[in-house]
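Asks: I am attaching a structure below and will ask some questions about it afterwards.
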There are 2 protein chains.
Amino acid sequence: MEAQIAAAKVGKYATSESGDTLEMVERPCGGISFVMVDGQRSGKSAKAISNVVARKAINLLSEGVRDGAAARAASDYLYTYRSGKVLATLNILSVDLLSKTMVVVRNNPTPLILIQDGRIEVLDDPVDPVGIRRQIQPSIKEIPLAPGLAAVVYTDGLTYAGDRRGKRMDVVGCVQDLLAEEAPNPERWANHLLKTAIKLDEGRPVDDISILVLAILPRNNDESRTLKVRMPL
Amino acid sequence: MEAQIAAAKVGKYATSESGDTLEMVERPCGGISFVMVDGQRSGKSAKAISNVVARKAINLLSEGVRDGAAARAASDYLYTYRSGKVLATLNILSVDLLSKTMVVVRNNPTPLILIQDGRIEVLDDPVDPVGIRRQIQPSIKEIPLAPGLAAVVYTDGLTYAGDRRGKRMDVVGCVQDLLAEEAPNPERWANHLLKTAIKLDEGRPVDDISILVLAILPRNNDESRTLKVRMPL
């Protein structure tokens, strides 16, 4: 098997920077983790919040701390640091080679899409964002790694796309259409979802948007790990 | 302008994991940093060393610590942690939006290739690896961001490719050929360099190999940031 992961990210129109933070880290016991955080408000203040939360979670994951504990710690840390006055949404998506599972952590009221055996499941049980009180519980799901397993994780900006024109984006419908066409293809799917959203917003995103797509696929012979990043300056 | 970065990485043949660690982190004041560490020996023990060094550097960079200070701290940390008995090579490659420069930090005796205005420069001044004594100095270079600027950074495994058959890889020559063909293309170049090395080793790399290629290119209209990762499981 191999894991393919792609992310696409854009800032709210006419803000200097996206308030979302997306970071990646290798797991010391094998595997990889992605942390996606959407800070309250937008622009610089949101970025400062999302950066602090993501950094805390990433640092802990890089030391081998389990995903749920890292999410709890990130929440407590933000609560302490900002006296419970700001919130952020947090998602952690990991490929854990120790337990041979994909681990999905949700502290984000925005739904999350799972694909198993060609079927779509929407995770939308109510959860709290992080930082607003003590005792925040993350929603955690562990699924054995198998070809065809995939996850689509996104910040609420994606669901707000088109809102201004009264034609809100149907994320689940969009993923259903993609899945009807082809097996999960993280790079194509992430870019397609982002492009669709930007089009609905007529080129001017009404909110920061971040999308992360992970798929477990049959492995070709290639033993190498690869990474590719593009960043407008 | 936009920055494009690609990495390709493979472990020594018949070892469970690569002893190299490559991590990426967003800079809190804008930009992105990549840390590449090659731990002494190979396999699990090398991985433990490279992971510790990379994690220390990444954590500091994520807090806004400057590249040179992060390299010094990572060295002192390894020295203290392992009593100066193990070494690692360290490279940090950053796009710093605050100073509008590309920052290149070298604590790796293996050369590093810079490209400016279509000309290749090889950085090979003598430097110490990290962890072996106090007072390790990194070699630091800051170059203003401009289209056409590029860097090719790699661990010594790339230069050892083909050694077994007495036909060692000519990395600089290979990059010269690539540059004669096209403007810097991180994804294609990183993959080409890795494939050439693996071919010279007849499919069985004699050492861990990691390659990182960064290029500053003219920007197209696309405002989005993207990321793509592939990991064999």
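The values are calculated or read from the model by the stated rules, or taken from the named source; none is laboratory data. These figures come from a predicted structure and were not determined experimentally. With ideal geometry, Cβ positions are generated from the backbone for all residues, glycine too; neighbour counts draw on all protein chains shown. Please note that ligands, DNA and RNA were not included when accessible areas were found on the heavy atoms of the full protein model with its side chains. Shrake-Rupley method; radii C 1.70, N 1.55, O 1.52, S 1.80 Å.
Asks: Among the numbered conditions (1) over 14 Å from the mean Cα position of the chain (by Cα); (2) farther than 20 Å from B:Arg230 by Cβ, tell me where B:Thr15 comes up short.
Replies: That leaves (2) as the condition not met.
Asks: Now for a different question. Can you tell me how many residues within region A:1-24 are in a loop (DSSP other than H, G, I, E, B) and facing another protein chain (nearest Cβ under 7 Å)?
Replies: Step one: list which residues in region A:1-24 are in a loop (DSSP other than H, G, I, E, B), which gives A:1, A:11-19.
Then keep just the ones that are facing another protein chain (nearest Cβ under 7 Å); that gives A:1.
The qualifying residues number 1.
Asks: Working only within region A:207-233, note down all residues that are out of contact with any strand residue (DSSP E or B) (no Cβ under 6 Å at 6 or more places or on another chain) and under 28 Å from A:Arg168 (Cβ atoms).
Replies: Residue satisfying the conditions is A:Asp207 alone.
Asks: State whether one or more residues within region B:68-86 are within 16 Å of the chain's Cα centre (by Cα) and without any contact (Cβ under 8 Å) to a residue 60 or more places away in the chain.
Replies: Keep residues of region B:68-86 that are within 16 Å of the chain's Cα centre (by Cα), which gives B:68, B:70-71, B:74.
From what's left, without any contact (Cβ under 8 Å) to a residue 60 or more places away in the chain: B:70, B:74.
Scanning region B:68-86, I find at least one residue that is within 16 Å of the chain's Cα centre (by Cα) and without any contact (Cβ under 8 Å) to a residue 60 or more places away in the chain, so the answer is yes.
Asks: Regarding B:Glu142, is this residue free of Cβ contacts under 8 Å to residues at least 24 places away in the same chain and farther than 21 Å from A:Ile58 by Cα? Even if it seems obvious, please write down each step before you answer.
Replies: Numbers: free of Cβ contacts under 8 Å to residues at least 24 places away in the same chain: no; farther than 21 Å from A:Ile58 by Cα: yes.
No.
Asks: Being out of contact with any Leu (no Cβ under 8 Å at 6 or more places or on another chain), in a helix (DSSP H, G or I) and either within 7 Å of chain B (Cβ to nearest Cβ) or under 14 Å from A:Lys9 (Cα atoms) (or both) is the filter here; which residues of region A:195-208 pass it?
Replies: Selection gives A:Lys195, A:Thr196, A:Ile198.
Asks: Can I ask one more? Exactly one condition in (1) farther than 19 Å from B:Val35 by Cβ; (2) within 14 Å of another protein chain (Cβ to nearest Cβ); (3) not charged (D, E, K, R) is not met by B:Tyr154; state its number.
Replies: (1)
Asks: Pick from region B:124-150 the residues that are assigned to a strand (DSSP E or B) and of a type in the set (A, V, I, L, M): which of them is surrounded by the most Cβ atoms within 10 Å (Cβ to Cβ)?
Replies: Filtering first and then ranking leaves B:Val130.
Asks: Could you check, for region B:101-113, whether at least one of its residues is outside any strand (DSSP E or B) and within 27 Å of B:Glu182 (Cα to Cα)? Walk me through it before giving the result.
Replies: Filtering region B:101-113 down to residues outside any strand (DSSP E or B) leaves B:108-111.
Filter again for within 27 Å of B:Glu182 (Cα to Cα), leaving B:110-111.
There is at least one residue in region B:101-113 that is outside any strand (DSSP E or B) and within 27 Å of B:Glu182 (Cα to Cα).
Asks: Examine region A:169-184 for a residue that is part of a strand (DSSP E or B), hydrophobic (A, V, I, L, M, F, W, C) and either open to solvent by less than 70 Å² (accessible area, probe 1.4 Å) or farther than 18 Å from A:Asn91 by Cα (or both), and state whether such a residue exists. Full working, then the answer.
Replies: Step one: filter region A:169-184 for residues part of a strand (DSSP E or B), giving none.
Checking region A:169-184: not a single residue is part of a strand (DSSP E or B), hydrophobic (A, V, I, L, M, F, W, C) and either open to solvent by less than 70 Å² (accessible area, probe 1.4 Å) or farther than 18 Å from A:Asn91 by Cα (or both).
Asks: Working carefully through the options B:Ile32, B:Ile58, find the one that is at pLDDT 95 or above, part of a helix (DSSP H, G or I) and not hydroxyl-bearing (Ser, Thr, Tyr).
Replies: Matching residue, one of B:Ile32, B:Ile58: B:Ile58.
Asks: What number of residues within region B:209-233 satisfy the criterion of being within 7 Å of another protein chain (Cβ to nearest Cβ), of a type in the set (Val, Ile, Thr) and farther than 18 Å from A:Ile198 by Cα?
Replies: 1
Asks: While we're looking at this one, here's another question. Just one of the numbered conditions (1) out of contact with any Gly (no Cβ under 7 Å at 6 or more places or on another chain); (2) within 30 Å of B:Ala73 (Cα to Cα); (3) among the β-branched types (Val, Ile, Thr) is not true of B:Ile132; which one?
Replies: So the condition that B:Ile132 fails would be (1).
Asks: I would also like to ask the following. Is it the case, given these coordinates, that B:Arg165 is open to solvent by 40 Å² or more (accessible area, probe 1.4 Å) and touching a Phe, Trp or Tyr at 6+ places or on another chain (Cβ under 7 Å)?
Replies: No, not satisfied.
Asks: Hey, any hits in region B:110-123 for a residue that's closer than 30 Å to B:Gly148 by Cα, without any contact (Cβ under 8 Å) to a residue 24 or more places away in the chain, surrounded by fewer than 18 Cβ atoms within 10 Å (Cβ to Cβ) and touching a strand residue (DSSP E or B) at 6+ places or on another chain (Cβ under 8 Å)?
Replies: Yes: region B:110-123 contains one or more residues that are closer than 30 Å to B:Gly148 by Cα, without any contact (Cβ under 8 Å) to a residue 24 or more places away in the chain, surrounded by fewer than 18 Cβ atoms within 10 Å (Cβ to Cβ) and touching a strand residue (DSSP E or B) at 6+ places or on another chain (Cβ under 8 Å).
Asks: Related question: Please find, within region B:44-66, the residue that is farthest from B:Leu87 (Cα to Cα) out of those that are more than 13 Å from every other protein chain (Cβ to nearest Cβ) and open to solvent by 10 Å² or more (accessible area, probe 1.4 Å).
Replies: Residues of region B:44-66 that are more than 13 Å from every other protein chain (Cβ to nearest Cβ), as a first pass: B:45-46, B:66.
Pick out the ones that are also open to solvent by 10 Å² or more (accessible area, probe 1.4 Å) and you get B:45, B:66.
Values: B:Ser45: 12, B:Arg66: 22 Å.
Ranking the qualifying residues of region B:44-66, first place goes to B:Arg66.
Asks: Filter region A:25-39 for residues that are surrounded by 22 or more Cβ atoms within 10 Å (Cβ to Cβ) and either within 14 Å of the chain's Cα centre (by Cα) or within 15 Å of B:Glu26 (Cβ to Cβ) (or both); which is farthest from the other protein chains (Cβ to nearest Cβ)?
Replies: Among residues in region A:25-39 that are surrounded by 22 or more Cβ atoms within 10 Å (Cβ to Cβ) and either within 14 Å of the chain's Cα centre (by Cα) or within 15 Å of B:Glu26 (Cβ to Cβ) (or both), the one farthest from the other protein chains (Cβ to nearest Cβ) is A:Asp38.
Asks: Please state which of the following conditions A:Ala151 fails to meet, knowing it meets all the rest: (1) within 16 Å of the chain's Cα centre (by Cα); (2) at pLDDT below 95.
Replies: Only one criterion in (1) within 16 Å of the chain's Cα centre (by Cα); (2) at pLDDT below 95 is unmet by A:Ala151, namely (2).
Asks: Hey, could you check region B:67-99 for residues that are out of contact with any strand residue (DSSP E or B) (no Cβ under 6 Å at 6 or more places or on another chain) and part of a loop (DSSP other than H, G, I, E, B) and say which is surrounded by the fewest Cβ atoms within 10 Å (Cβ to Cβ)?
Replies: B:Ser83
Asks: On to the next question. Just to verify a result, which residue in region A:151-166, among those that are outside any strand (DSSP E or B) and small (Gly, Ala, Ser), is farthest from A:Ser18 (Cα to Cα)?
Replies: Step one: of region A:151-166, the residues outside any strand (DSSP E or B) are A:155-166.
Narrowing the set further to residues that are small (Gly, Ala, Ser) leaves A:157, A:161-162, A:166.
On the way: A:Gly157: 11, A:Ala161: 15, A:Gly162: 18, A:Gly166: 24 Å.
Ranking the candidates gives A:Gly166 first.
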